[in-house]
Structures are given as C-alpha cells and as structure tokens.
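In what follows, a single structure is set out as structure tokens and then discussed.
The values are calculated or read from the model by the stated rules, or taken from the named source; none is laboratory data. Keep in mind that what you see is a predicted model, and the values were worked out from it rather than measured. Every residue, glycine among them, receives a Cβ derived from its backbone with ideal geometry; neighbour counts consider all protein chains shown.
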Amino acid sequence: MKPFRPVLIVVCFSIICALFSGVVYALDQDEARVSVAWSSETLYRGSSVIVNILFISDCAEELTIYCVGLHFDWMAPDNFVGRDLSDAPVTISSYGSYTFDPMTISIPETASVGTHSYFVGINGIQGESTDLIWDSQTLMLLIQVSRKEAYNELKTNVASNITEAVNAAYQSSEAQSLIEQAENAYAQALSLANEEKWEEAISALQDASTYLEQADVEEQNYIEAKSQQDPLLIIVGVVVVVVVAVLIIILMVRRKRKQTAPVDQPTET
C-alpha cells in the first residue's frame, strides 16, 4: 500500500510528516472506494481540469478526513495535489459516503502523451484515535497533446481535405454546398485560433471535417444514382429512335401509295 505523505496541495501547503509517523494502516484498501469524475473526457497536457472525488466507506467505524489528494505518475513519489481539510475535517459515518469539493488539477506541459496512472490518497482518523492512511486502487487516464497542438494537427488535415474535395470538382449540388460549409467552418476556426480559443477552434475544424465527409457521401450517392439512370436513358433513347424511324417509314409508305394509286377516268354520256 502506497503511503500518503502530502507534500504538494492546491495552495502549496506542507503537512508535517511527523503527524503520521508510526502510522497504522487500519483501513484496508477494500474497506473504501472512490469514484473520480473529470470535467472533460479529453485531458490535454498544459491544461487545467476540474475533478470530483466521491469517497465511499465500507468500514463499520466513523472516519474523519483531514486531507484528500491525488498522486500522478509524473510526480515525485511523496507528492500529492489536493485539499487540506485540517481546519474543517470531513466526517464520514459508518458505511457512508462523501463527495469532496471540486478540485482543479493542472496537467503539466511535460507530461507525456499517452496513458498515465494515478491514485487517490486519504489522511485522517478511523474511529476515535486510530491514525488513518488510505490509498485507492490505481486508476488510469489518457493525456493528449495540448489543445494548440491538437488544433494545428487537425487544421493541417482539414486544409488538405478541403483542397482535395475542391479539386475533385463534385457534380452533386448538395456535395458542393457541403464543401462551401466546410470552407466557412475552416475560416471560423482560423478566426477563433487567432483569439487563442483553441477548444472552439477545434470544434469548428471538426465541423468542417464532418461536412467534408458528408459531401463525399453525397457525391458517391449522386454518382451511383446517375449510373443507374444512364442505362435507362439509353434504352428510352433507343426506343424513341425506333418509334420515330417506324413512323417515318409508315409515312413514307403511305405517301408512296398515294403517288402510285391509279387516277379514275371520267365517263362519257
């Protein structure tokens, strides 16, 4: 079990390590649980995110919490970020639960892109006097490139796709309209990026990408429908030509008959 020695907290306070010297791990790991909820499903390095921690006690004794925090794998072993509750300890009844106030977590620029591990740490008192240190099971989160990096990468892809779509000279009017919408969304993304509104700019680029995908689908449907119509048009054309030819032949035959028919002679009285 990983000892919880809070060193780094939101307000950068220090907990005297001697406070829990000789501590007894009275609360087993399976005697409590946590549910961690992040304010965003996508976590970017160099950004700040809000986290909510729900602590659930499976212990028959009352717990008094003096400190709650999180340790991430990019931190030094004894470093935590969290909240000092020593001035207003949280009391959790037997088999009770408690949601701590939201905490803002800053993800460092130096954090590598990919999956990272972390756990929640608790300091407090179990029952009346037993010192308590408890660490949750190891949890996982995914760190992605910064919003600016994500924007630049997406911008390059969308710009290339727009150029490709324009050069394709789509025949479908609906597809052409969708390409125009993609170009407008792309221009909006550039404007938002100039204001460093990276989240909104990324959203606009995603919209542009969606329009391009829809345009491609519309063009494919148009081509498919046209390919099915062409044989029918050919057949209709052939039928029309044949009918016209037959009518011409009939008219010519009738005209010829009229020209060759004998003329009636007048009778004498």
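The figures follow:
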quantity: Flag for I65 being modelled with pLDDT of 95 or more, in a strand (DSSP E or B) and over 30 Å from W198 (Cβ atoms); calculated: yes
quantity: Condition met for I107 (surrounded by 19 or more Cβ atoms within 10 Å (Cβ to Cβ), under 20 Å from the mean Cα position of the chain (by Cα), in contact (Cβ under 8 Å) with a residue 24 or more places away in the chain and farther than 30 Å from Q214 by Cα); calculated: yes
quantity: Residue in the range 115-135 that is within 24 Å of the chain's Cα centre (by Cα), exposed (fewer than 13 other Cβ atoms within 10 Å of the Cβ) and polar (S, T, N, Q) present; calculated: yes
quantity: Output for the range 65-85, where each listed residue is surrounded by fewer than 17 Cβ atoms within 10 Å (Cβ to Cβ) and farther than 20 Å from S39 by Cβ; calculated: D73, M75, A76, P77, D78, N79
quantity: The range 80-104 residues that are assigned to a loop (DSSP other than H, G, I, E, B), paired with ones that are among the acidic types (D, E) (beta carbon under 7 Å, 6 or more apart); calculated: S93/E62; S94/E61; S94/E62; Y95/D58
quantity: Top-ranked residue in the range 62-86 [being closer than 20 Å to D131 by Cα and of a type in the set (D, E); ranked as farthest from the chain's Cα centre (by Cα)]; calculated: E62
